[in-house]
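The values are calculated or read from the model by the stated rules, or taken from the named source; none is laboratory data. Note that the structure is predicted; figures quoted are calculated from it, not measured. Cβ: placed from backbone, ideal geometry, glycine included. Neighbour counts: every protein chain shown. Only protein heavy atoms, including side chains, enter the accessible area calculation; ligands, DNA and RNA are left aside. Shrake-Rupley method; radii C 1.70, N 1.55, O 1.52, S 1.80 Å.
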Amino acid sequence: LEDGILVRDVSRTRRRYLGSGTFPWDVLAVLPTELLCLLPGVPRVPGVPAARANRCLRVPRLFEAFDRCETRTGWPNVFRMAKLMLYLLLGIHWHGCLYFALSAHLGLGADPWVCPSSARPLRRYLHSFYFSTLVLAMVGDTPAPQREEEFLFLTAGFLLAVLGFATITGSISTVIVNLSSASTALYPDAGPVRRYLRAWGVGGRLAGRVVRWHQHLRAQRKLPAEWDALQQLPRGLRAEVAASVHLEALRRVGLFRSWERGVLRQLVLRLRPQVFGPGEFVCRRGDVGREMYFIREGRLAVVAEDGVTQLAVLGEGLYFGEISLINIKGNTAGNRRTANILSIGYSDLFCLGKEDLAEVLAEFPAARAAMEAKGRELLLRMGRLDTGAEAAALAAEAEAQRRLQGLEVALEGLQTRAARLLAQLEASALRMALRVQRLEGRQQR
């Protein structure tokens, strides 16, 4: 996958596969090791199963294929049921092989319990499979064992059935319900959107885009509703969990590289993950800006008004959309978007709202200065910065600052005079109280 899109170039796929770590194991798994049985002195039939043991190296690839099919199929519950039935049939097959091996060791047809001696291999296999099905399904109705080995094998089969087969078949509905509930809690369901489009007679290509977007979320394990799953946690623990997942992605953003871990832990709770599909506009020129974006994964193109010509490509670790949110003096666009941003493939972004951005910039003036410098450079390049208005705004700000300082000096002088007058008033009141006290003393005499 590249930018979340399946690469269909056979040569590129070949080069990537030959350089991967799974290629040597796949080669070992397909080596014709059963040819070793042709060597002199090696048993012919008994040696074949052991010689083919290298095929088990493909088990991780099988599980990988199951996992990918389950995330991409439109009927995940049916696929899980089919996979479970495959496991059950495989377990019965292995048990039947062990039963036939024991029967061959004791002698085929030696007693009613062992596999009967037949010239047809298919007949012997079907009998072994049928016998194992009766044992593992706890049906019974099997011939009575005659020897100690038969008693032990049959007892082990019943215990295995109790611990495995009966448990799996008894809880199959519960497993499917739990899997569906856990998946629905984190991933959005495409069903309501598809039914909505079908109800209004809209479908086809648009419905396909909706389905592919949901499939991408599940296949790449993108969780747009992850904050809802963390709402029950206290804020401190929620910040720790979110930071453990997204902190490395935040550190790849140039703006945050010098920030402390504690600051990023608080910032990560303000970010909202969003995923955009191929050919989808993140923002259009002239729209009112209400949030800015940080690129976590994927690539986005700055396109011209025709929507095709690429002017620049933005990659991982960059950010955009801040020009319409911060107040850059001389910006003729105001709070409107200044560019068209188009997602090339599937792009994973962090979204920061206008109010949250204002709080962050108020706490970190250095980040605000960096954003304003970058925004001023872009506006100059696009010709949307009025230098005259910028100079006038700076002059007005300097004049306002000068007046503010004058008012502060005047206020300090007034405070000093008020303090002096208050001290004089308190002294006068004290002298007056002493005179009244002396007069009262003379009158009492």
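Under 26 Å from the Cα of Lys329, which lysines turn up, not counting those fewer than eight places away in the same chain?
Straight-distance partners of Lys329: Lys354, Lys374.
Counting only Cα atoms, I'd like the Rg/Rh figure for the range 14-72, Kirkwood definition for Rh. Let's see the in-between values first.
Details: Rg = 15.4 Å, Rh = 13.5 Å.
Ratio of gyration radius to Kirkwood radius for the range 14-72: 1.14.
Would you check the accessible area of Arg195, probe 1.4 Å, heavy atoms only, in square angstrom rounded to 10?
For Arg195, solvent-accessible area is about 140 Å².
Keeping the other protein chains in place, figure out the carbon and sulfur percent of the accessible area of the chain, with a 1.4 Å probe. Numbers along the way, then the final one.
Numbers: 17200 of 28300 Å².
Here carbon and sulfur together make up 61 percent of the probe-accessible area.
Per residue, how many Å² of accessible area does the range 232-385 show with a 1.4 Å probe? Could the numbers behind the result be given before it?
Values: 7380 Å² over 154 residues.
Per-residue value: 48 Å².
What is the extension gain from Thr155 to Tyr87, computed as 0.36 nm multiplied by their sequence separation minus the C-alpha to C-alpha distance, in nm to one decimal? Intermediate values should be presented prior to the final figure.
Values: separation 68, 0.36 × 68 = 24.48 nm, distance 2.16 nm.
Computed gain between Thr155 and Tyr87 is 22.3 nm.
Once you sort the root eigenvalues of the Cα gyration tensor of the range 318-371 as a ≥ b ≥ c, which label holds: rounded (a/c under 1.5), prolate (a/b larger than b/c) or oblate (the other case)? Each step should come with its number before you reach the end.
On the way: a/c = 2.25, a/b = 1.31, b/c = 1.71.
Note, shape of the range 318-371 comes out oblate.
Between Ala419 and Leu269, what is the label-to-label distance in nm when each label sits 7 Å out along the Cα-to-Cβ direction?
4.1 nm
Tell me the label only: which of [x] 50, 34, 20; [y] 76, 35, 21; [z] 44, 32, 24 is semi-axes √(5λ) of the Cα gyration tensor in Å as calculated from this structure?
The value matching this structure is [y].
Where does the charge balance sit around Ser347 when Lys and Arg score +1, Asp and Glu -1, over other residues with C-beta under 13 Å from its C-beta?
Numbers: positive: Lys222, Arg296, Arg299; negative: Glu2, Asp3, Glu280, Glu297, Glu316, Asp348.
Net local charge, Ser347 excluded: -3.
At a Förster radius of 25 Å, what calculated FRET efficiency corresponds to the Cβ-Cβ distance of Ala362 and Leu233, to the nearest 0.05? Don't skip to the end; give the middle numbers.
On the way: r = 27 Å, r/R0 = 1.06.
The pair Ala362/Leu233 has a calculated efficiency of 0.40.
Let me have the 222 nm mean residue ellipticity of the chain computed from DSSP H runs of 4+ only, each contributing -39500 (n - 2.57), with the sum over all residues rounded to the nearest 500.
Working: 17 runs with 256 residues, N = 445.
Computed mean residue ellipticity for the chain: -19000 deg cm²/dmol.
In the Gaussian network model of the chain, springs joining C-alpha atoms below 10 Å, which of Leu414, Leu152, Leu136 carries the largest mean-square fluctuation?
Greatest mean-square fluctuation among the candidates belongs to Leu414.
Excluding same-chain residues fewer than 8 positions from Lys83, which aspartates and glutamates have a Cα within less than 17 Å of its Cα?
Glu64, Asp67, Glu70
Whose amide H sits under 5 Å from the amide H of Arg299, counting only residues 5 or more places off or on another chain, with H placed in the peptide plane?
Answer set, sorted by chain and number: Ile344, Gly345.
What net charge do the residues around Gly157 carry, taking every other residue with its C-beta under 13 Å from that of Gly157, with Lys and Arg at +1 and Asp and Glu at -1? Mind showing how you got there, number by number?
Values: positive: none; negative: Glu149, Glu150.
It works out to a net charge of -2.
Could you report the range 14-72's accessible area per residue, 1.4 Å probe, as an integer in Å²? Display every interim value, and only then the final one.
On the way: 4460 Å² over 59 residues.
Per residue, the range 14-72 has 76 Å² of solvent-accessible surface.
Specify the angular offset, from 0 to 90 degrees and rounded to the nearest 10, of the alpha carbon long axis of helix 172-186 from the longest principal axis of the alpha carbons in the chain.
The helix 172-186 is inclined about 20 degrees to the chain.
7 Å from Cα along Cα→Cβ at both Glu408 and Asn327: what's the point-to-point distance in nm?
Label-label distance for Glu408 and Asn327, simple model: 1.8 nm.
Treating the angle as unsigned and between 0 and 90°, give the value, to the nearest 10°, between the Cα long axis of helix 387-444 and the longest Cα principal axis of the chain.
Once rounded, one gets 60 degrees.
What residues have an amide H closer than 5 Å to that of Asn340, excluding those fewer than 5 places away on the same chain, when H is modeled at 1.01 Å from N in the peptide plane?
Arg285, Val303
How much solvent-accessible surface does Thr13 expose, in Å² to the nearest 10, with a 1.4 Å probe and all protein chains in place?
70 Å²
Using a Gaussian network for the chain with springs between C-alpha atoms less than 10 Å apart, which of these wobbles most: Cys56, Cys283, Cys69?
Maximum among the listed residues: Cys56.
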